[in-house]
Structure formats: C-alpha cells, structure tokens
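Chemist: Structure provided below as structure tokens; questions to follow.
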Amino acid sequence: MLGRYEIASQIGAGGMGEVYRALDTKLGRDVAVKVLLREFSADRERMRRFEQEAQAAGALNHPNVVSIHDVGELDGSPYVVSELLEGETLRERLDASALPPRKALDYAAQIARGLAAAHAKGIVHRDLKPENIFVTSDGRVKILDFGLAKLTERWGDAVAQTDVPTRLAHTEPGMVMGTVGYMSPEQLRGRAVDHRTDIFSFGAVLYEMLTGRRAFSGETPADTISAILKEDPPELSTASGMVAPALERVVRHCLEKSPEERFQSARDLSFDLESLAGASDINAPGAVAPRWWGRASARRKGRRALPLAAVAASLAAVALVAAASAYWAGKRAGKTAPPSYRQLTFRRGTVWNARFAPDGQTALYSATWGGNPLEVFSMRVEGVEPRPLGLAGAQLLSISSNGEMAILVNRQYLGQFTSRGTLARVPLDGGTPREVAEEVQEADWSPDGTQLAVVRWFEGGNRLEYPIGRVLYQTTGYLSDLRVSPRGDRVAFMEHSLQWDNRGWVATVDSGGNRKALAGEWVGQAGLAWSPSGEEVWFTASRAGETLSLYAVTLAGVERLVARAPVHLMLGDISRAGRALVSTIDTPSDIYGLPPGGMKEIDLSWLDSTLVEDLSADGRTFAFEYYGRGSSANYSAYVRRTDGSPAVQLGEGAPLAISPDGKWVLARLAAPPQLTLLPTGAGEVRRLERGNVEQFGDAGWFPDGRRIIFNGREPGGQTRCYAQEIEGGAARAVTPAGVAATSPALVSPDGRYVVAAGGQGRRALYPVGGGEPRPIPNLSDEDLIARFSEDGRSLLVYSRGQQPVRINRLDLSTGGKEPFREVAPADPSGILDAPRVFVTPDGKAYVYFMRRLLCDLHLVEGLK
C-alpha cells in the first residue's frame, strides 16, 4: 500500500524513479503511481515548487494531457498519481519507423492542443520529447510529466552551460543525446525560458516523427549542443523523401534559433496544423501552406530578403492562386461546394435556442425583439415570415421526435445564455404548457421522445439528471447546452467552472455517471449539438483573442475546425439531413456616464466586449474589463476618465475595484486564481501574497486603502471572506465558513462591516472584527447593491431586470426606501439584464453599462 493506493505491479522504471499500476481503494479505479527518487525531496523548497507545479498540471483537465489525480510523499519519496494509460510511448512507436505524414500530423495537432491548454494556464513543460508523449490504444495522444520537468531541472540562469545534464536515450556509442537533443538554444545557454521553448522541442519531435531521425545529432553531448545552437537539421525532403513544403515550413518555423522568430503561441501552431490536416493531400509537394507561411526567417542560407511590399503582394497572389486552384480542383473532382448561409431573422434583438422540428423543414426559436418580452416563433426555413406561438415569456429548450416542445416558463435570466425556471411541455403548434419540474436550466428529449434530460439549479452549483430524478453528474460551476446523443446512451454538455464565465470544456456522461472531457479548455463556449451519426459533437467555441467558431470533436477527443467567420458563430441545431441552424452574434457593450458637474450623459463606450467593474468615489474614473478578441486568457484591465478621455490599458486581469486614492486597480487572474495590483500611473504590477488561501471571486478595498477584502478558501474549506494587507502578510478570515462577500465586495465607510451572504443567500452586514451579523431590513432578493451612501447609514440599491433603472436609498436602520436617481437607456434592444449602475456616494455622477447580445439566425447547408 502507498497511502490509499494498492500497488498491483511495476510497469516501468527510469532515471527519475519507478512507475506502478495501482488501485485507488477510495474511488475504485486503476491508476498509475510514479514514485520519484528520494533525492528529489531533500530540498524542501524544490519539493514545494514541485507540488505547486503538479497541482497546476492537475487542473488542466485536457484530453491531450495526462490527468494528475494526486501528489504526496511517503518515507521521503515523493509520488505522483495519474490516470492509467494503455498503449505505448511515442519513443516506442518511433523505434519501429517514421510515421506517415497524415499520422504524424494527427499526433502533432493533438500535442499542440495539449501544449496550448497548458500554456494558457502559465505552465511550461520544459522537457518535451518522445519519451514524454504517450499514444493510447485508441489513437489519443497524451503529454506526460507536466510539472515534473521543473523538479528535475538542475541548473539556473547563473549556472554554466557545462553543468547541463546529459542523459543518454540509449547507451550504445555514438547514439544521440536524449533530453539534450530536444532542448531549445535558450535552455542550453542557461537563459530564462517561456512557452516558446516547448515549441522548439515540439518541432524537434515533429521532425523525428516525419523522418525517423533526430533533428539534432552528434557523437558527443558537445556535438549535439553545438548542432542545436549553430546548425539547421537536414531538409525534410532529403531526410524522408517526400514531405509537403507547407508541412516543412511548420517544422522550420518551430525550430528557429531565436524564440522571437518561432510560432509565438501553441494555439497558432495548432491552428496551422489543423489547416494542413484539411489539405487534400498533405504528402504532395504542392500542398496548401498555412496562414503564417510567409513569416519564415530571412536568415536562411542562400535566400535573399524581398522588400516588404513585394513579399506581401507575392503572398497575396500565391494565396489567391492556391485558393482558386483548390476550389476548381474540387469542382472537377465532384467535391461539395462551400457551405451556403441563408439569413432567417432580420430584427434587432436576441435569438435563443433555435431548433429544427422533426420534419427538418421548420425552425423554431425563442427571441426578444426591440426590448419586448421573450417569445417562441416558428417558421419554414424556405419562407420569410415567422409566426409567434403565443408563449410570451417562454424560452424554447428542445423539440421531441414526437413533436412536443420542452420550454422554460417563469424564467429568470442568470448569465451568458443561461436561465432558470419551471420546465413545461407543450404541443408543437402551441397550447397550454404543462409544468414538469422546477429550478431547471436546460433540458433535452431522448431520441424516442419519452424522457427528458435536465440540468437543475441548486444553491452552489448544477446537477445533470437523465431521466429526471436520476443524477448522473453535478458541479459547483454550471452546465450548459445539454444534448442527448442520437442513440440515447450518453449526454453531451458544456461544463464551466465559474459562474457565469463561459470558459470551459465539452464533455459527455454515460448512463453510469462516467464523465469524459472531450475538448477544452476554451475561453468561451456557447452552442452544441450531436452530428446526425452520433460519432461527433459539434460545438461553437473560441480561444483567447478569437471569434466563436464551429468545431467538431469525436468521442475519442479528436478535434477539427468546421467553420470560422469574422464574426462570432453560435450553433443551435443540426438536422438529420445535416443542415444547421447557426446564429451570428454581435456583442456591443454600451457605456454611458454623467461626469461630475455634467449636465448631459456622455457615450463612454470602448471596444466591443467590456464589463464596467467600478467607479471611483469622485466619479472621475471608471475601470472596465475587456474580454473580446485580442484579450488574453485572463482578460484585460482598462481605466477611463468620465470626461471622455481615451481609455488606458493597465494589463492582464479582470479589474475589480479602484483604490480609494485612485493609484491602484485591484484585478483578478483566473488561471491560476490570483489577485494583483495594477498601477494606474507609474509603477510595477504587484501580486498579492497567496499563502494557502486560494484568491478568487469578488474583492474590494477598505476605506483606508491599505487593506483589501476578497473571497477565497483554504484547501478543503468553504468559501469565505478574507482581509489582507497590500504590503504583505497572510490573509485573515473575517466571515464564517460559507459566508462570502457579495458583488461588488463592499466595506462600510467606517471599515467595520462587509456586505456578505451565507448559504441561504440572505445578505447581511458582517462585522470585520467578528460578532453577530446585522440584518439588512427590506432588502429583497431582486435588489442589487450599488454602494454605501456617504455617511454609511444607507445602501444605494436598484432592482434586477428593471428598466428604466430606479436607484433607491435604503435606510439600514428602518428599511425605508426613497428615490435617489433614475437611469433610462434609450435603446432596449438586446439588453440581457438590467444595466449595471455605478454611482458616486453623493449621486451627482454615475456610469452604467449594458451588455447587448444581437443575433441573426441563419440556415447553413454544406457543412462537413
């Protein structure tokens, strides 16, 4: 026994330790346990860093990265518990021969997706090589040993190059160095490394997959190092006989000596590999090049650099010729024409949950036009006029094969495309709904139309039931886009770890409650459906800085791009004939404000996808988050003056609150959860000490500007509110376990109370110094709190979903409410919820923003 793990047999050994097959006696599953050499735990600081790295890797949850379940230490030997894989390492596969280009490209795309997921969380592998890549028996590629590379590093920036470890892959004389043969030049020089070092190692691995030979070889370690630092590997066409130039350019771009000349992200690398995978013949010398190919380094021997304009013109001409040639070649070969799009809706507003009727010729959808209440519409896809079904306020969820709708009534909007309410059934041609279940967010019919799968809301999370009443899965985040497979044997859905942040994964769960992540993590997801065959799940999602695009993933986790557009796409449904209902989405963010002393509102809108998070007490500056194209995976923080001056980008993170003196903006990073201080003027970004408390959720400032308050939790504990000095020191819990600050996180002007809520959701004033909470009289569940009044005796509140927005002053002693200010947006179209309002304590200045979601529904044919 190793803790709770019952060792069954040894399945491997190496320079770091031994690997065993074991049974997790607590969960009843087979796992792999890697027991590391005892010397690795001798340095406690190194061991601490290793545990942090392993925990971060364990949070990846990506189909192309081995899942880490646990880390620990026994009798001085650290160990790592991971999923048990059946198959062979890429090294074992390459020992037989090189891979066919198609297979190499498939494996490479999977590796790149795994790297992209890790890099998005700030994790760099540092030791990518065929020994650390595993190919399962069903063709899934898994990257091994994330988090272990940092433990095994034995050199730093100040250590000489001669101290680099020189492990041999084999012991025969003249064999190429193992680990060293895949290191980047900056690694070998002992310089600081980032995610681009993995891209270099990836290039060396891809080269070997295609040729069966190492990219860099030498009879001695010094020869191998010299080759990496100074030489280019032999041309792929020479080494392997026939490799498409486009694929060779990808490899060359990965193996640039300078990190600045390589691919700058694994995401871009993955995209270009996917583009090549879609080429008609990747083995052909004339295969189409990916989008970046003109950026190859001008330092290549025997080449001359062209003027930039000439290069651009040449590339444009080549791209046009290539595209035209490919199109007409496809026409001559009888291939399908490009997909066609036919617009079905033309009004200004939001479309929800479009579905095909069983005949495949009728589309039904929920929509709200011009700010009017939600309604269900029906139309023939070849027609032009939709007709309302008389279900005002209802949201369509699903249509059965028997012609019955599942709808949501008594609906309350929650966030993103998610609402909760009462599930009801109603005939396809309308009628009186029959209520079925309460607290439902999503529903979908079984293939035979007799049962329903549902996502049900509960305090603190979601649970998936299929059929209703049988729980298959639950999460503390939220689930969306629920769809039962055509065979009825599993349910696909999107899982999101934070409410209501739509980053997440595509996953399935079978009738036994076995969950399997297929694709992720994406920074945004909305829209999912099964392919008619049930062999793929199609979904719309985006990576950082990209639009929502249409992808497909097999049950084995193999992803492919189906369609991309300059605008966001959201999948509604796929008919049995392969037609699709797809919405194009525009998400303008309107920001308006009244500056101090102003007489008229000013349009303060900036960029397309923004969220205002705070207004300074003097009303002169507001902070907002940008989460659209070009933002990072952690989003971007901006500040802007209410006089209309240009916005200033402060850095990475979601801004939460402006300090009382206006010199700092408190921001949150999502991966991993971390609070930072962004200077609004001169200064450096500061990361607040985390200790053993995970920082996440809402946060705010104490009036003295020296402390912050935030929501967090300790390992194994419940969420609660903590106070922390910004100059350093450990966080101190100020509310009981399970009681967290509300949004926004508000501290009273005297610094004595924080507005917080417990498990029942009832908000109260909790003393920062400890003691009994003070109830807030006459505060309804629909009231949103803007801030404290100047004297701290009142709260400024307004009602959720109310337009125009009426702000009231709520007396904390009597519960009396009196009008304070009214805000009325001129155009209500596409506004999902009440505008969020930020007002100064005296009410003389304010800022509000509206998130609009404007959709046009299209019928798409010819998608493959």
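The values are calculated or read from the model by the stated rules, or taken from the named source; none is laboratory data. Model, not experiment: these values are computed from the prediction. Positions of Cβ are generated from backbone atoms using ideal geometry, with glycine treated the same way; all protein chains shown enter the neighbour counts. Heavy atoms of the whole protein, side chains included, go into the accessibility calculation; ligands, DNA and RNA do not. Shrake-Rupley method; radii C 1.70, N 1.55, O 1.52, S 1.80 Å.
Chemist: Exactly one condition in (1) at pLDDT 90 or above; (2) out of contact with any Leu (no Cβ under 9 Å at 6 or more places or on another chain) is false for residue 692; which is it?
Modeler: All conditions are met except number (1).
Chemist: Pairs under 7 Å by beta carbon, first residue closer than 23 Å to residue 88 by Cβ in segment 116-134, partner of a type in the set (Asp, Glu) and in a helix (DSSP H, G or I), six or more apart or different chains?
Modeler: 125/198; 128/198; 130/208
Chemist: Please enumerate the residues belonging to segment 614-632 that are closer than 28 Å to residue 522 by Cβ, at pLDDT below 95 and not polar (S, T, N, Q).
Modeler: 625, 626, 627, 628, 629, 630
Chemist: Select the helices (runs of 4 or more DSSP H) contained entirely in segment 209-316, then report the ones holding at least 1 residues which are at pLDDT 50 or above, out of contact with any helix residue (DSSP H, G or I) (no Cβ under 6 Å at 6 or more places or on another chain) and open to solvent by 70 Å² or more (accessible area, probe 1.4 Å).
Modeler: On the way: elements: 221-230, 236-240, 245-254, 266-277.
Output list reads 221-230, 236-240.
Chemist: Taking into account only those residues within segment 586-630 that are farther than 23 Å from residue 502 by Cα and not in a loop (DSSP other than H, G, I, E, B), which is most open to solvent (accessible area, probe 1.4 Å)?
Modeler: The selected residue is 603.
Chemist: Here's something else I'd like to know. Checking residue 345 against (1) farther than 21 Å from residue 532 by Cα; (2) part of a strand (DSSP E or B); (3) open to solvent by less than 10 Å² (accessible area, probe 1.4 Å): exactly one of these is not met. Which one?
Modeler: Condition (2) is where residue 345 drops out.
Chemist: Step by step: first the residues of segment 799-816, then only those that are in a strand (DSSP E or B) and in contact with a Phe, Trp or Tyr (Cβ under 9 Å, 6 or more places away or on another chain), then the one that is most open to solvent (accessible area, probe 1.4 Å). Which residue is that?
Modeler: Checking each candidate, the answer is 806.
Chemist: When you scan segment 641-665, how many residues do you find that are more than 23 Å from the chain's Cα centre (by Cα), surrounded by 22 or more Cβ atoms within 10 Å (Cβ to Cβ) and of a type outside the set (A, V, I, L, M)? Step through it out loud before you land on a result.
Modeler: Just the residues of segment 641-665 that are more than 23 Å from the chain's Cα centre (by Cα), to begin with: 641-648, 657-665.
Remaining after also requiring surrounded by 22 or more Cβ atoms within 10 Å (Cβ to Cβ): 642, 657-658, 664-665.
Now drop any that are not of a type outside the set (A, V, I, L, M), which leaves 642, 664.
Looking only at that region, the number is 2.
Chemist: Could you please find all residues in segment 88-105 being modelled with pLDDT of 85 or more and among the small types (Gly, Ala, Ser)?
Modeler: 98, 104
Chemist: Which pairs turn up if I take residues in segment 400-413 that are more than 19 Å from residue 363 (Cβ to Cβ) and in a strand (DSSP E or B) and look for partners that are at pLDDT 90 or above and open to solvent by 40 Å² or more (accessible area, probe 1.4 Å) with beta carbon separation below 9 Å, at least 6 apart in sequence or on another chain?
Modeler: Pairs that qualify, where the first residue is more than 19 Å from residue 363 (Cβ to Cβ) and in a strand (DSSP E or B) and the partner is at pLDDT 90 or above and open to solvent by 40 Å² or more (accessible area, probe 1.4 Å), are 409/433; 409/435; 410/435; 410/438; 411/420; 412/420; 413/420.
Chemist: List every residue pair whose Cβ atoms sit under 6 Å apart, with the two residues 6 or more apart in sequence or on different chains, where the first one lies in segment 64-77 and is closer than 30 Å to residue 556 by Cβ and the second, anywhere, is among the small types (Gly, Ala, Ser).
Modeler: 64/114; 65/114; 66/82; 68/54; 68/57; 68/58; 68/82; 71/54
Chemist: Applying the selection to segment 705-714, what residues are open to solvent by 40 Å² or more (accessible area, probe 1.4 Å) and within 23 Å of the chain's Cα centre (by Cα)?
Modeler: 713
Chemist: Check segment 153-167 and report whether any residue there is open to solvent by less than 50 Å² (accessible area, probe 1.4 Å), at pLDDT 50 or above and within 33 Å of the chain's Cα centre (by Cα).
Modeler: no
Chemist: Do you know which residues across segment 735-785 are of a type in the set (Lys, Arg) and assigned to a loop (DSSP other than H, G, I, E, B)?
Modeler: Correct list: 752, 762.
Chemist: Next question, about the same structure. Give me the residue from segment 178-204 that is part of a loop (DSSP other than H, G, I, E, B) and of a type in the set (A, V, I, L, M) and, out of that set, most open to solvent (accessible area, probe 1.4 Å).
Modeler: Applying the first criterion (part of a loop (DSSP other than H, G, I, E, B)) to segment 178-204 yields 178-179, 183-184, 189-194.
Cutting the leftovers down to of a type in the set (A, V, I, L, M) gives us 183, 192-193.
On the way: 183: 7, 192: 75, 193: 51 Å².
The selected residue is 192.
Chemist: Could you run through segment 481-521 and say how many residues are over 15 Å from residue 536 (Cα atoms), more than 14 Å from the chain's Cα centre (by Cα) and among the small types (Gly, Ala, Ser)?
Modeler: 3
Chemist: Would you pick out the residues in segment 828-862 that are touching a Gly at 6+ places or on another chain (Cβ under 8 Å) and surrounded by fewer than 19 Cβ atoms within 10 Å (Cβ to Cβ)?
Modeler: Once the filter is applied, which keeps residues that are touching a Gly at 6+ places or on another chain (Cβ under 8 Å) and surrounded by fewer than 19 Cβ atoms within 10 Å (Cβ to Cβ), segment 828-862 yields 828, 829, 833, 844, 854, 861.
Table: residues versus (1) on the phi < 0 side of the Ramachandran plot; (2) among the charged types (D, E, K, R).
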{"position": "640", "(1), (2)": "yes, yes"}
{"position": "668", "(1), (2)": "yes, yes"}
{"position": "674", "(1), (2)": "yes, no"}
{"position": "683", "(1), (2)": "no, no"}
{"position": "687", "(1), (2)": "yes, yes"}
{"position": "705", "(1), (2)": "no, no"}
{"position": "709", "(1), (2)": "yes, no"}
{"position": "718", "(1), (2)": "yes, no"}
